[in-house]
Amino acid sequence: MSESFNRVSQSIDKYHKEVVELQRLLTSIPALAPESDGEGELKKAEALKNYLARAGFPAPEELNAPDKRVPSGIRPNLVYKIDGEDGSKTVWIMSHTDVVPPGDLNKWKGDPYTLRVDGDRIYGRGVEDNQHGLVASVFAVKGLIDLKIKPKFNIGLLFVADEEVGSRFGIGYILEKHNMFKKDDLIIVPDSGRPDGKPIEIAEKSIIWLKVETTGKQCHASRPDQGTNAFAAASKLAAKIHALYNIYDYRDQLFDPPYSSFEPTKKEANVPNVNTIPGDDVFYVDCRVLPKYKLADIEALLRKWADEIEASENVKIKISPVQRAEAAPPTAANAPVVEALKRAIRSVYKVEAFVEGIGGGTVAALFRRKGYAAAVWSRIHETAHQPNEFTDIPFIIGDAKVFAHVFLGA
Ligand SMILES: [Zn+2]
């Protein structure tokens, strides 16, 4: 076993040039969602499919989600399957082909869709999110194909659409219409990570964003008797938000930070001049809540506080969720996918990985809600969505070896 891993590992070391070329190809084709005025992922998925055909991969299964908003009418999802010695379970690696827009082009040194290579570092929109994991999974499998080595279990590579805007046409569509996962499968989502390659994400907090709209009565600031100051009333509620830290104060060291957080954040502009008492006020609250607590309880408490302020300040307060996601059940800290990743990371990077929970919102939650054990891991610098997004070729090569290690069931 470790004999074949050593051979595959040496073979993966030789893919440096191919890694750059595949990254260059994928970066050159913007795959933006219709929400970002894009045409979707079809051209990029086609290019990837052609590349993989030339690289010796079998033909994929194509699970295209219909979407009338893009010119092609489809959002492409590609599934590549490789048979293992033991077909009872599958090791899945899921990555996404879509990217987020580059943002302010002045902040980019060069064109975001033209790969820039600087030593071992490559720059461009998508090179990290999610081409890092995508390309690593490709060369992990190519390492086996080139040496004609059979994996221990089946391998499934998923290249999905629509991750950045909610996964409705990507993994959400597959789980709903073409569910091919089994409870014993190992599911790896290489879409988050740290430069030391240590944390394996297995849990997330619940997340809720609230919009708080307060209505009073506008008037001249010299005649407060004729109006009701919505800003002053709303501030009383905003100032109470931090009290939630003391009420929902449970700590769970799996998470960083280990507590729930409750923060007033965005504030909409009100009146443009100093001498008007504002009749309307809008602010927002971002809460990241440990899975132990129910979002409904927190919402009910905020409502109670709002009712009290309505009565004492003579205003109306409307609280509505902008985003609301109850945490998925965590993947077990000793799940086979976690143990396999830990062994692989130890073998390749010589570090001890550990499990952790994050502040909410990973695509792995879609698997977890359906009862599948999914782990999120990669070794990256966390430059996703930034201008001059970058990643390091040795990390892609290393991550490919980690995946190969898992495939071989070391
Ligand atoms: Zn991503």
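The values are calculated or read from the model by the stated rules, or taken from the named source; none is laboratory data. Worth saying up front: this structure is predicted, and the values here are computed from it rather than measured. Here the Cβ positions follow ideal geometry from the backbone for every residue, glycine too, while neighbour counts run over all protein chains shown. We work out accessible area using only protein heavy atoms, side chains counted, and drop any ligands, DNA or RNA first. Shrake-Rupley method; radii C 1.70, N 1.55, O 1.52, S 1.80 Å.
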Review point. Which ranges mark the helices (runs of 4 or more DSSP H) fully within the range 1-91 that have 2 or more residues being at pLDDT 95 or above, within 20 Å of Gly156 (Cα to Cα) and open to solvent by 50 Å² or more (accessible area, probe 1.4 Å)?
Key: 42-54
Exercise for review: Report whether or not Gly103 is modelled with pLDDT under 95 and within 16 Å of the ligand (Cβ to nearest atom).
Suggested key: yes
Review point. Checking Ala45 against (1) in contact (Cβ under 8 Å) with a residue 24 or more places away in the chain; (2) more than 21 Å from the chain's Cα centre (by Cα), which test does it fail?
Key: (2)
**Study point:** Single condition Ile188 does not satisfy, out of (1) modelled with pLDDT of 95 or more; (2) more than 15 Å from Met94 (Cβ to Cβ)
**Key:** (2)
Check your understanding: Quick check, is Ile188 farther than 25 Å from Phe354 by Cα, touching a Leu at 6+ places or on another chain (Cβ under 9 Å) and within 15 Å of the ligand (Cβ to nearest atom)?
Key -> no
Review point. Going through the range 312-343 one residue at a time, which ones are among the acidic types (Asp, Glu) and farther than 21 Å from Arg368 by Cβ?
Key: Glu313
Practice item. Among the residues of the range 306-329, write down those that are more than 18 Å from Thr265 (Cα to Cα) and touching a helix residue (DSSP H, G or I) at 6+ places or on another chain (Cβ under 7 Å). Key: Ile309, Glu313, Val315, Lys316, Glu326, Ala328, Pro329
Revision key, fill the gap. Of all strands (runs of 3 or more DSSP E) fully inside the range 102-205, the set with 3 or more residues that are in contact with a strand residue (DSSP E or B) (Cβ under 7 Å, 6 or more places away or on another chain), hydroxyl-bearing (Ser, Thr, Tyr) and open to solvent by 10 Å² or more (accessible area, probe 1.4 Å) is none
Revision key, fill the gap. Apart from one, (1) part of a strand (DSSP E or B); (2) touching a helix residue (DSSP H, G or I) at 6+ places or on another chain (Cβ under 7 Å) all hold for Ala344; the odd one out is (1)
Exercise for review: Keeping to the range 380-399, report how many residues are within 15 Å of the ligand (Cβ to nearest atom), in contact with an Asp or Glu (Cβ under 6 Å, 6 or more places away or on another chain) and not hydrophobic (A, V, I, L, M, F, W, C).
Suggested key: 3
Review point. For the range 306-329, does any single residue satisfy the condition of being under 27 Å from Val91 (Cα atoms), away from the ligand (no atom under 16 Å from the Cβ), open to solvent by 10 Å² or more (accessible area, probe 1.4 Å) and among the β-branched types (Val, Ile, Thr)?
Key: no
